[in-house]
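Inspection log for the structure reproduced underneath, given as structure tokens.
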Amino acid sequence: MPRWEPDSRGRLEEAALALYGERGFENTTVAEIAERAGVTERTFFRHFADKREVLFGGAATLEEALTQAVADAPGSAPPIDAVAAALVAVGALLQERHDAARQRHAVIAANADLRERELIKLASLSSTLADALRQRGVASPAATLTAEAGIAVFKVAYERWVDASNRRDLSHLIRASLDELKAVTAGR
């Protein structure tokens, strides 16, 4: 039985990403992840429902951050600016996990089921943004449209950010992608 060490969740995430990169997602077992992390399988299941959730376990934190940032935006801010502020806040949270995000992105890109799960996560984030906008008094169709546009901006910026040739931070890329969207919709 391994001796208890702090941050077993973090070690499990690191071990899983390394193994997924080495062997592929499908060929990696929970037992192998737990062994690499120096914990038991039981400890793994205390933190994650299954091996997919290692890749998607932070969704609730992102939803909370988005909701809070939309609520904290100035009352006079147009809906798209409130969403932009929320996305930039999330970008700042993710920035410190850049290397892990690159690994995660590669694992997801290589597996159709994981790509589907990623789309479900993005849809959930869009719904969270729309609900936060409705709480600010934005009408339902406009809230949904703005949230969907915001998630599209985030997705484009995120894909640029995890690209190996990228040198800019995620928040910068979010702002740049939003500016590109605004230019396109303004007909420039």
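A short reminder: the numbers here are calculations on the coordinates, not readings from a lab. Bear in mind the structure is a predicted one, so any value in this text is a computation, not a measurement. Backbone-built Cβ (ideal geometry, glycine too); neighbour counts: all protein chains shown.
Per the Cauchy relation, a quarter of the hull surface: what is the mean projected area of the convex hull of the alpha carbons in the chain, in nm²?
Values: hull surface 48.4 nm².
Averaged projected hull area, Cα only: 12.1 nm².
Given a cut-off of under 8 Å on Cα pairs at least six residues apart, what relative contact order in percent is computed for the chain?
21 percent
Over what distance in Å are the Cα centres of segment 117-149 and segment 76-116 separated?
That distance is 15 Å.
With an 8 Å Cα cut-off and a minimum separation of 6 or more residues, compute the relative contact order for segment 8-54 in percent. Walk me through the numbers before you get to the answer.
On the way: 40 pairs, mean separation 19.9, N = 47.
Here the relative contact order equals 42 percent.
Nearest 500 deg cm²/dmol is fine: what mean residue ellipticity at 222 nm does the chain get from its DSSP H runs of n ≥ 4 alone, each adding -39,500 (n - 2.57), divided by its residue count?
Roughly -24000 deg cm²/dmol at 222 nm, from the helical runs in the chain.
Just to confirm my numbers, what's the Cα centroid distance between segment 158-188 and segment 24-48 in Å?
Segment 158-188 and segment 24-48 have Cα centres separated by 36 Å.
Hey, in the GNM for the chain with a 10 angstrom Cα cutoff, which one of 165, 124, 140 fluctuates hardest?
The residue that fluctuates most here is 165.
Compute the helix-to-body angle for 59-72: its Cα long axis versus the longest principal axis of the chain, expressed 0 to 90° and rounded to tens.
30 degrees
If each Cα of segment 8-54 is one equal point scatterer, what is log10 of I(q)/I(0) from the Debye formula at q = 0.17, 0.25, 0.33 Å⁻¹?
-0.35, -0.79, -1.40
How about segment 1-100: which trypsin sites (Lys or Arg not before Pro) there lie in a loop by DSSP and see at most 11 other Cβ atoms within 10 Å?
Here the trypsin sites (Lys or Arg not before Pro) that fit, given the DSSP loop and packing criteria, are 3.
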